[in-house]
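Right, one structure below, let's go through it.
A short reminder: the numbers here are calculations on the coordinates, not readings from a lab. Just so it is clear, the model here is predicted, and its values are computed rather than measured. Every residue, glycine as well, gets a Cβ built from its backbone with ideal geometry; the counts of neighbours run over all protein chains shown.
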Amino acid sequence: MEKQENDVTRRTFMKGTAGVAAVAVAAPMIIPKRSFGANDKIRIAVLGVHGRGKSHIKGFQALDGVEVVTLCDPDLNVANERARQFKETYDSKVKVEQDMRRVFDDKDIDAVSIATPNHWHALATIWACQAGKDVYVEKPGSHNISEGRKMVEAAARYDRIVQHGVQLRSSKAIKEAVQHLRDGLIGRVYMARGLVFRWRADIGKKGFEPVPKGLDYNLWLGPAQYRPFSRDWVHYNWHWHWDFGNGDVGNQGIHETDLCMWGLDVGFPKKVTAMGGKFLWDDSKETPEVLSSTYLYPDEDKIIEFEVRPWCTNLEDGAGVGNIFYGKDGYMVIKGYETYETYLGRKREPGPKGKEGGNHFANFIEAVRKHDKSILDGPVETAHLASGLAHLGNISYRLGRELEFDPESERFPHDEEANKLLTRNYRAPFAVPENI
C-alpha cells in the first residue's frame, strides 16, 4: 500500500506541475552519493534548535544507526543550552556552530535537519544539496512559491534525498484513509476542508532594542531585508510577520494543505480567493488572525476550502486541527496527524475508522541509507505543492482579490502585481540562486 501511495504522490505532482517538473528531472547528478553499510552511522546536524528543532534532536537521536553530532543556531545562547541538555540527556558531547555554512563544509556530516524560521528553509536546503547533504526540512518547505521550485531543482540536480516535515505522511492510519478515498468509500470526492483552529494570543508590541549578546542577528535575518532587532519576531513570533513567516496557513496549516491535495489527488489550482483580517488583537502581527481561502479546480470539478481561526471557536465534527473530505456517498474526518473517521449516507452511519501513527524521521533515514527517493513519504515535490497552496492563499489575501493561476508555468497570467509576490527581494549574500 505504501508504494501505491508514493506512486499517487508522484503522479499528482507531475500532473499539477508538468511543464517545469520535466526540466528539473533532466538535470545531471553533480555530487556522488555515499553508500551506507548496515552498521554505518548516519551523522546528522540540526539547524535551528529553539523550537521545533528540539523534536528533531530527540527524534533522530532515538533511531538506531543515527547520531546527532552538531547543533547550529545563530543564537549561541540557545545552541549552548541545547548542547548542555544534550550532554545531560545522552551523556555525549555535541558540536555547536553558529553559521550553517560551517556545517555544510563539514565532510563528516551526512544529512541536515532544518528547523530554522521559514525564510531560511529553501536556501538552507539548496546549500545543503549543493554540499552533498541529504535534507529533512520543516514545514513549510518554502517561504514563497519560486523557492519551492528551486528546492525541487536542487534535489534533482544534486541527487539528494529531501524529506518535507509533515509527519502525517508517515501515519499508517492516514495512508489507509487516503486509500479509502481512492477506492471510493465515500463516493466521488469533490471537496476538502482544511482546519486550523489554534489558540493564538496577543503578542503585544515590544518595539526595537539592541541585539542581545550571543545572537548573530545578521545570520538570523539571512535572506530577509534588514530591520532593527525586536522581540516581536525573535524568536517564535516571526511566524506572524511576512518577512519571516507565512501566518498560520503556512505554519500549522501546511500539514492540512498537504493532506487536502493528497486526498483530492490534485496539484496547484487555477483559481484562488482569500479574505480575512485581524479582529481581536491590536498587536504587532502582520499576518491575518482569521483567513478563509478557496482553491478551485474547474477542470476536475474539485474545490478546497481552508479556514484559519485564532481563538474561541467551535470544532467541526470534533476536528479543530485536521481535514474533512466530502464525497457523493459520505464524508471523512481527519483529526490531527493519525486519526480518521468516516460517516456514510444521509444518516451519517459510522464507517471505517483508524488511529495509528508512524515515524517520519525513520522514513527519512531509511531513504538516506538506501539512497532511494521512492521510499520517502514526504518528498520535496510535495513540499513545493503544500507550501505553494498556502502561499497562493496569502497572495490573494494580500492583494484583496481573486486570482487566476497557471499550474504549468506557476505564474499568474497577465498579472504582474501578483507575480511579484511569487518571490522576494533577497539580501546579499543570502539570495536563492536563479540557476541551481
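Structure above, values below:
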{"read-out": "Whole-Hz ³J(HN,Hα) from phi, Karplus 6.51 cos²θ - 1.76 cosθ + 1.60, for region 64-73, glycine and proline x", "value": "5, x, 10, 9, 7, 10, 9, 10, 10, 7"}
{"read-out": "Cross-link pairs beyond the 26 Å C-alpha cut-off, checked among Lys58/Lys370; Lys278/Lys355; Lys328/Lys373; Lys335/Lys420; Lys270/Lys355", "value": "Lys278/Lys355; Lys328/Lys373; Lys335/Lys420; Lys270/Lys355"}
{"read-out": "Phi-based couplings in Hz for region 232-248 (Karplus 6.51, -1.76, 1.60; Gly and Pro marked x)", "value": "5, 10, 10, 10, 7, 6, 4, 3, 9, 10, 4, 5, 10, x, 9, x, 6"}
{"read-out": "Cα-Cα separations in region 170-246 greater than 22 Å, expressed as whole percent", "value": "51 percent"}
{"read-out": "Dipole of the chain, positive direction: furthest Cα of Ile375, Met100, Gly318, with charges on the beta-carbon", "value": "Met100"}
{"read-out": "Solution diffusion estimate, µm²/s, Stokes-Einstein, region 218-331, Kirkwood Rh from C-alpha pairs, 4 °C, viscosity 1.567 mPa s", "value": "80 µm²/s"}
{"read-out": "Theoretical gain in end-to-end length, Thr313 to Glu209 [0.36 nm per residue, Cα-Cα removed]", "value": "33.9 nm"}
{"read-out": "For region 284-400: rounded, prolate or oblate by the Cα gyration tensor [a/c cutoff 1.5]", "value": "oblate"}
{"read-out": "Expected 222 nm ellipticity per residue - DSSP helices of 4 or more, -39500 (n - 2.57), all of the chain, to 500", "value": "-10000 deg cm²/dmol"}
{"read-out": "Cβ-based charge dipole, the chain, positive-most Cα from His180, Val46, Gln163", "value": "Val46"}
{"read-out": "Surface/4 of the Cα convex hull for the chain, nm²", "value": "20.5 nm²"}
{"read-out": "Compactness of region 349-436, expressed as Rg and Dmax over alpha-carbon positions, Å", "value": "18.8, 59"}
{"read-out": "Extent along principal axes [Cα atoms of region 287-354; Å; largest to smallest]", "value": "39, 34, 22"}
{"read-out": "Region 312-328 versus region 152-218: alpha-carbon centroid distance in Å", "value": "18 Å"}
{"read-out": "In order through region 311-322: 3J(HN,Hα) via Karplus (6.51 cos²θ - 1.76 cosθ + 1.60), integer Hz, x for Gly, Pro", "value": "8, 4, 7, 7, 9, 10, 6, x, 9, x, 10, x"}
